[in-house]
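See structure below.
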Amino acid sequence: FRSGGPGGEIGGHFARTSQINYFADIDIGGSLSLDHVISGEGEFIVTNPTNFNNGIQVGHFSVSDVPRSFIGWQIAEPSGGSGYRFMAQLILADGTVLRSNTPLRVINALNTPFTWSYRFDPVAGTSGSGQLTFTLLSGTTVVGTTSVELTTAQRAIGASFDAFGVSTPPSDRKSTRL
């Protein structure tokens, strides 16, 4: 994953456990909220998804609040042979999980370079309460764009973010190598 500036890489074995685990930059210059424009972009390659039964989240999240707020995107295991699922995802301060209704599906993801980006606009969306948009590219081909819109009530719940990186949600399932 690369988050701007000089190229950097992370990777490894991301295991699902009973606790949230993460690899992150925790010095992002302060805390962000749903009142801010929030964005991220980078590249990734799935190299060894043996027994992938997992979700991996990439984005901004809170390392100091429980439940942990999150804004960015998630890759989830293939479902019913229809490919890996990529979706915009937002977790509010009360633990409410909002995901794009229609995930992007990629059937042949192994060893394929992808470019991704997400952007949260605090005044976009039908109600003007905020919209998170996620775009996935394979080379110069747009795989798709998907989004999550906040309602006024969801926006009022709020969320805060003080880190950027990779995290996995808590579970007792298998692990994934990325």
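Ranked from highest to lowest mean number of other Cβ atoms within 10 Å per residue, what is the order of the peptides 85-94, 155-164, 139-148?
85-94, 155-164, 139-148
Would you please give the FRET efficiency between residue 23 and residue 151, computed as 1/(1 + (r/R0)^6) with r the Cβ-Cβ distance and R0 = 22 Å, to the nearest 0.05?
0.10
Throughout, read-outs are computed from the coordinates displayed, never taken from laboratory work. Since the model is a prediction, treat every value here as computed from it, not as a measurement. All Cβ positions, even for glycine, are placed from backbone atoms using ideal geometry, and neighbour counts span all protein chains on display.
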